Structure formats: C-alpha cells, structure tokens
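Have a look at the structure below, then the notes.
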Amino acid sequence: MNMPHNTFKAALKKNAPQYGIWAGFATGYAAEIVATTGYDWMLIDGEHAPNTVPGVLAQLQAVAPYATAPIVRAVNGDASLIKQLLDIGAQTLMIPMVETAEQAQALVRAMRYPPHGIRGVGGGLTRATRWDGVPDYLATAHEQLCLIVQVESRLGVENVAAIAAVEGVDAVFIGPADLSIGLGHAGDPGHPDVQERIQYAVDATLAAGKACGILAPNEADARRYQDWGCQFIAVAIDISLLRHSAMATLARYRTPATEQAPSRTY
Ligand SMILES: O=C(O)C(=O)C[C@H](O)[C@@H](O)CO
C-alpha cells in the first residue's frame, strides 16, 4: 500500500493559490459535508473547536475520500500530542503561537524519527502506517508530512524570518485575530499597525523561500493578502457560514411585508 500523498504539501511547492475553509463543528459528519464543497484544504481546528484526538480521527476518516486536504491545528506544540495526531494519520499540522526559531526547531523534531527527531514509533498500531501496510514508513514519512507554524504575536513577527528559515518548516500561517489583540488593537486586524506587521511577516516568509497563509473570511482582506503573496488563504469559516445564512434567511421573513421589495412585478 502506498503512503497517502499529501496534496496540500505538493500544491505549496507548485506555488498555486490554495483556498481553504475553517472547519469548527468538530464532527465527522459536518467535516464530510465541508469536504464535498470543493475547497483546496480545510482546517480541523483542535485549538478553539471542541476537538479530541478520537474526534479528529473521525474527521480525518470522514474526509479521506475527498480531494479537500485536511490540515489539523493542534491546541499547542506539545510533542506527545503531535505524536498522537501524526499516528492517527494527520499529515499536515498547524501549530499555534510559535514565537522563536527554537520553538520551530522543536516542532520539526517532534515530527521526525531519530536521529532527526524524537517521534516515537507506533508501527502497526497506527493509521499513519495503515497498520504496517505502508512499506518503509519510518524512512519516508517525513516526505509527506507538512509543518505549518502560526505566527500571531508581536514577538513571533519580530522573529518570523528566523522561524521561516528553519529547515522542516514548510509554511508560516499568520493569525490576524491574535496578532491584533497582541498589538493592542483587539478585534481590529485592519488597523494600520496590524496590517504593517502582517505585510512584514508575509514578506519575510516569502524571502525565506517558504509559503505563507492567513485567515481572511472578508473577501477584500483575502484578495489583498493574496496580492501581497499569501498562497493559502482560509476564506471561510463553516460555523460563520451557517450562522450568517440562517440569520439572513430568517430576517427575510421577520421583516414586515411593507418593507420588503415585491417578490413579483407585473
Ligand atoms: O489569530 C487568528 O486569527 C487565528 O489563529 C484564527 C482564530 O483562532 C480564529 O479567529 C478562528 O476562527
């Protein structure tokens, strides 16, 4: 059995834009619905959505038949958690709040087997190896694994060039919400101070030869960040899509008939 091909990692190397969606419902059923919609990638959010390792596994299994590539965001960079997420078959990990090159190096080591790292061997117990069905997994696993580090603090942006330069870091993902609150502009990622730091981080990441991503559910933001060079952009959040659509639908009926435009003209 061949090792599953990491289409997201391959697409990053082609420098093609990759549009993603944040998946926050934390169930396999909802994740599968998202995976049918044609986005290039989806983020299974283990930081802010109520996900457990078995819950992430269910979502990975649910989306496996589809072309949308799953990225799993861990709640933190704990090496034991990284080991579990890799063992259940996550191939692309996003780790929040990386602030130094040393932290990034530790994450790379957590994703690699000795002598290049500290990942423990799960062998035939793990979905990653397809229960020992993938030949040579130990020697080749790193080829299909992808590490995205999140830069989302003042210190992280100051160190972004060194973080991006770490061998084994495939991409940097900017977190506008955390960055804006960290810079004293809570809830205002559009503030010029925040925008300046975002553009600086994008430039430094690209200069290091790595891909840069960002969350931008607002279309104007997404298009600007793409112009700046962001290659993978989360342009939607599934929970927000449901909520906004539900409210907009209800509002059409709640609005008094006299205020509504006529539905038919003769
Ligand atoms: O800082 C950010 O922005 C992120 O990391 C994304 C957030 O966690 C959140 O806004 C996702 O909905």
Exercise for the section: Starting from 0 in steps of 5 Å, tell me what percent of the Cα-Cα pairs of the chain lands in each bin. Expected result: 1, 6, 13, 16, 18, 16, 12, 7, 4, 3, 2, 1, 1, 0, 0, 0
Practice task
Could you name the aspartates and glutamates whose alpha carbon sits less than 20 Å from that of residue 14, not counting residues in the same chain fewer than 8 places away?
Solution key: 40, 143, 167, 170, 203, 227
Exercise for the section: Would you order 249, 92, 100 from fewest to most other beta-carbon atoms within 10 Å of each residue's own beta-carbon? Expected result: 249, 100, 92
Exercise for the section: Would you mind checking 9/210; 83/210; 13/210 for any pair whose Cα atoms are more than 18 angstrom apart? Expected result: 83/210
Handout entry: Selected from 47, 158, 196 as most flexible by GNM, with the chain as the system and alpha-carbon contacts under 10 Å
Key = 196
Practice task
Order the peptides 14-24, 118-128, 141-151, 211-221 from the highest to the lowest mean number of other Cβ atoms within 10 Å of their residues.
Solution key: 141-151, 211-221, 14-24, 118-128
Fill in the blank from the handout: Everything considered on the Cα gyration tensor (a ≥ b ≥ c; rounded for a/c under 1.5, else prolate if a/b is larger than b/c, else oblate), segment 115-266 must be described as oblate
Fill in the blank from the handout: Inter-part gap, Cα centre of segment 124-156 to Cα centre of segment 10-35, in whole angstrom, is 17 Å
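A short reminder: the numbers here are calculations on the coordinates, not readings from a lab. What you are looking at is a predicted structure, and each value in this text was computed from that prediction instead of being measured. For neighbour counting, all protein chains shown are included, and Cβ atoms are generated from backbone atoms with ideal geometry for every residue, glycine included.
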